[in-house]
Structure formats: C-alpha cells, structure tokens
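Heads up, the thing below is written out as structure tokens.
The values are calculated or read from the model by the stated rules, or taken from the named source; none is laboratory data. Here the structure is a predicted model, which means the values were calculated and not measured. Note that we place each Cβ from the backbone using ideal geometry, even for glycine, and neighbour counts take in every protein chain shown. We work out accessible area using only protein heavy atoms, side chains counted, and drop any ligands, DNA or RNA first. Shrake-Rupley method; radii C 1.70, N 1.55, O 1.52, S 1.80 Å.
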Amino acid sequence: MLNRLSTILGIPGDHPQRLLFGGLAVVSMLLIWAGIGFQAWWLMGVPAVLAVLWLTAVDFRRVFFLMIACLPLSIETELPGGFSTDFPSEQLMWLLTLCGVGWLLRNVRAVDARFVRHPLTIGLILHLIWISISVLTSQDVYVSLKYLLAKGWYVIVFYCLAAHLLRTEKDFKEFFWWFLIPLLIAVLSVFIRHAAINFSFQDVAYVMGPFFRNHVMYACLLAIFLPFIWYATYWYRRWSKMWWFLVITIAFLLVAINFAYTRAAYVALAAAVGIYWIMRWRLMKMALLGFALVLGIFITFVGTRDNWLEFAPDYEKAITHTRFDNLLEATTKLEDISTMERVYRWVAATYMIKERPITGFGPGNFYFYYTKYTVSSFKTYVSDNPEHSGIHNYYLMTAVEQGLPGMVIFILFSVLVMLYGERVFHRSPPGWRRRMVTASVMCFILIDLLMLMNDLVETDKIGSLFFMSVAMLVNLDLNGRMKGNTDLRD
C-alpha cells in the first residue's frame, strides 16, 4: 500500500524519500491510534505537522502555496504571556523563514544580483534598517523586538521567497488560485451567516468570525484582491465556463463588500478606477504632488491658531449607530464614533511625535503610551480601547513608533513603488505582463490609501499582499528588461 501511494506521489522506488515517506506514514498511524486510545486528541494533529515537515524537505515551494491557501482561513489566536498568532499561517511563515535562510546560505551565488540592487529592494532594506535603529532606542525593547522579528519573517517570506517563487505567468496563476478558493470559502461562510440575519448592519461584526478580525479587514481584503481577479479573467476565452466563474466571483465579492458596510472599502473601489487611468495617462507624479499639496494645506490649516480644537466632537452625539444610513450622515457631521475615536488618537499621536520626533517610542509601543497624551475634549465612548487597537493611521503610527525619519522612509518607499509601477506598465507590451503590473500596483496603492484610516500592513491577510505585490512588480520589471522592452506609447 505504501509503495503504491508513494508511486502515485511520484517518488521512485529506490529514492531515499520513499523510506522517509514510509516512516512518516507508520508514525502517523501510530499517533492516530494513540490519540484515539488515550483520548489525547492533540496527538492526531501531529501527523499533519510531520506531513508539512516532510513536504518542506521534499519541496518547500509546495509549503509556500499551502501557506498562501491558509491566509484567508487563518484565525487570530491569543497565547499566554501577551502573545498572539495567526493560526496556521504564521506557523508556516516561521517554517518558510527557516527554509528561506537555509536556501540562501546554500545558494548565495544563485541569487539574482539585479533583484538585490533594485531600488525597491534597497528602499525596503532601508525601512528595515531604520526599524532596527528604533528598536535599540525603544521605550520597551521587548515589545519592539517582537515587532522586528514579525516584520522580518513577513519580508523574508512575502518579499524574498515570493520573488524567488513567483516569476512566470504560470506561477502567478498558481498563487491566484491557491488564494482565491480559500478566500471564497471564507466569504461564503460570512455571507451565509449574515444573510441568516437579513444582512443586519448592527450585527455585522458578529458574523465575521472566526476568519476575520472585523468587517473592515474583511471588506478591505476583498477590495484589494479584486484587481487580481479582474486580471485573471484575461486568462480564459470570453464566455467560457472559467471566464463566467471569475465574472460571477467579481459580482459576488462586490455584493459582499456592499453588505460589509465599510466606508473605506467603498472609497477603495472608486479609487481603483482612478488609479488605472492615472497610471495609463502617466499622471502618477502629478497625482502624488496634488495629494501632497492638499494634505499639506489641510495640516497647515489644522495646526494654525489651534484650529484643530474645532474638530472636537460632542461627547453625547459621537455614538455608535445601528443604521448604516445614519452612520453615513453622522460621518459627514463628524459625529460618528469610529471616526472621532480616530481623531482622539491622532491628536495624542501629534503630542507623542513632538516628544520623540527622531526615533519615536519604539515599534509596537503606541498602545502602551498614548493615553497620557490624549486630549479629553476628543474623548468618545470607546476611548478605553478594550480591544487594544492601534492608531488607525499607519503613517502616523510609523511616525510615533519609529520617528519622523521612519515615516519619511516608508512614504518614500511607497512613492517609489508607485512611480516604478507606472514606469514598468508603459515598458510592458499589451498582454499578461502589463495586466499583472496593473493588478500588483493597484493592490499596493489601494492598501496605501486604506492605511490612511486603518492599520493593515501588520496583518497576515493584507500585509502578505502588500509585500507580494512589490515582489511581483520587481520580477516583472527585471523580466521586461531581460526581454529588452522599451517605453511603449499607448
């Protein structure tokens, strides 16, 4: 029986892996029997761990795609000692980090020097270097070191390994399907549970578990993955079964986003259309300058003569709303509790930045120090922050935790990705490469926009796509240069 199964798996009869596979099968059966006999059910999970370890020894590429499949279905789990993890995706990240480091040590000469020297890679390395510096000066080094380690395995797995494994259109297809099918399973679970209570706005947070922390993460994940689904429709002949499947999937996800009642996701969908035309008409520099100008004018106005005090909410009116139309109305009047709680924390952030403008309070430390910098006139009913959530603006959080240089480095990295994205788009001939560039850049920019109101990069579901979209863009850039593509006028 073992011989037949190993043959099916493609392991030759005289291959050492056959002996390893046979031993694994025997140990797994013994563990399952022991688990049943002693009612120690955790023993029955050991074979799965052993199977993953065996798969890692045979071909860690398969483990990488297994991890991709686990991302939409991962569950945030609290651990003793103040730790938390995303199960099982984060455990696979740890394993793949070791694999990546091991592969690098064995194949240093095989590393593409162009990838290492690429401006986007250098920008990401500078970002990591400054995080390391801010860890050394942190108010709580232990917390900041945990942050740095987590950031490290995110970059190793979702940038370095992804760049190694996602090179061709076939690789992109594999990534897409390994992510999409589990995502649809998770969305169907939420959608069915939500439909059972008539898509209630008041209970939208309840139906998100166990796969999503909240409705914001759920809706934003669907919004940023839609460009890849749009791109995938070009793989198949129009009106074919697979084409219809993807078109119906897009429609279904749009409906799911609608019933997630997340304002940021609605804005992202509208922005996605604009991003495409900005890139196509070579307006990225102008759009970035315009955005910076508007933001600069707003910050100048708010910071002059204590004008920021005019945004202080009415404590009795800044409440949680049970109807979505009331929430939208309250948002325009600055009476929505979630918006005003953000302002409450942003005000605290400005005082924190003034106190430690160079290296900040240390990565991961915002929650532990912000309360004494808050202003009582901006307080809301949820300001006690029982869920230990962050500042809800990734750029401000970076400035608070890593200092203003840290924020500037991260913004410059993001701007560089956008400018390179436009450049690679116009260098690529019409076809799969240009569409893949479009999907990757749109995904990245949408995450950047969403981070104006949320902290998303530190989550496995969205942070993974943030780094992978950059890795794909770098590979597409290098691939295009190798084929000698020049700037193409549309």
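Does the range 312-324 contain any residue that is part of a helix (DSSP H, G or I), modelled with pLDDT under 90 and closer than 30 Å to Asn198 by Cβ? First the steps, then the outcome.
Residues of the range 312-324 that are part of a helix (DSSP H, G or I), as a first pass: 324.
Cutting the leftovers down to modelled with pLDDT under 90 gives us 324.
Checking the rest, the ones that are also closer than 30 Å to Asn198 by Cβ come to 324.
Looking for residues that are part of a helix (DSSP H, G or I), modelled with pLDDT under 90 and closer than 30 Å to Asn198 by Cβ, one finds at least one in the range 312-324, hence yes.
Residue by residue, here is whether (1) of a type in the set (Phe, Trp, Tyr); (2) modelled with pLDDT of 95 or more; (3) surrounded by fewer than 22 Cβ atoms within 10 Å (Cβ to Cβ); (4) closer than 25 Å to Ala162 by Cα holds:
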| position | (1), (2), (3), (4) |
| --- | --- |
| Ser376 | no, no, yes, no |
| Thr380 | no, no, yes, no |
| Ser428 | no, no, no, yes |
| Ile445 | no, yes, no, yes |
Tell me yes or no: at least one residue of the range 264-287 is assigned to a helix (DSSP H, G or I), of a type in the set (Gly, Ala, Ser), crowded, with 18+ Cβ neighbours inside 10 Å and touching a Phe, Trp or Tyr at 6+ places or on another chain (Cβ under 6 Å). no
Filtered residue count, the range 351-373, keeping only those that are without any contact (Cβ under 8 Å) to a residue 40 or more places away in the chain and either surrounded by fewer than 17 Cβ atoms within 10 Å (Cβ to Cβ) or under 27 Å from the mean Cα position of the chain (by Cα) (or both): 8
Which of the residues that make up the range 205-239 are open to solvent by less than 20 Å² (accessible area, probe 1.4 Å) and more than 24 Å from Ile275 (Cα to Cα)? Val207, Met208, Phe212
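Quick one: how many residues across the range 403-417 are open to solvent by less than 20 Å² (accessible area, probe 1.4 Å) and within 18 Å of the chain's Cα centre (by Cα)?
Residues flagged as open to solvent by less than 20 Å² (accessible area, probe 1.4 Å) and within 18 Å of the chain's Cα centre (by Cα) within the range 403-417 amount to 4.
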Please tell me if Ser200 is open to solvent by less than 70 Å² (accessible area, probe 1.4 Å), among the hydroxyl-bearing types (Ser, Thr, Tyr) and touching a residue at least 12 places away in the same chain (Cβ under 8 Å). no
Taking only the range 138-163 into account, find how many residues are closer than 19 Å to Phe444 by Cα and over 15 Å from the mean Cα position of the chain (by Cα). 3
Which condition breaks for Arg433 when tested against (1) modelled with pLDDT under 95; (2) closer than 19 Å to Val155 by Cβ; (3) assigned to a helix (DSSP H, G or I); (4) open to solvent by 10 Å² or more (accessible area, probe 1.4 Å)? (2)
Looking only at the range 240-263, how many residues end up being open to solvent by 30 Å² or more (accessible area, probe 1.4 Å) and outside any loop (DSSP other than H, G, I, E, B)? 14
For the range 132-176, give me each residue that is of a type in the set (Lys, Arg) and open to solvent by less than 30 Å² (accessible area, probe 1.4 Å). Lys151
Spot the failing condition for Phe191; the list is (1) modelled with pLDDT of 95 or more; (2) open to solvent by less than 10 Å² (accessible area, probe 1.4 Å), and only one is missed. (2)
Checked the range 62-88 for anything open to solvent by less than 60 Å² (accessible area, probe 1.4 Å), out of contact with any Lys or Arg (no Cβ under 6 Å at 6 or more places or on another chain) and under 21 Å from Lys173 (Cβ atoms); matches are Val63, Phe64, Phe65, Leu66, Met67, Ile68, Ala69, Cys70, Pro72, Leu73
What residue, of Val457, Val400, Val474, is more than 30 Å from Thr374 (Cα to Cα), open to solvent by less than 20 Å² (accessible area, probe 1.4 Å) and either modelled with pLDDT of 95 or more or not in a helix (DSSP H, G or I) (or both)? Val474
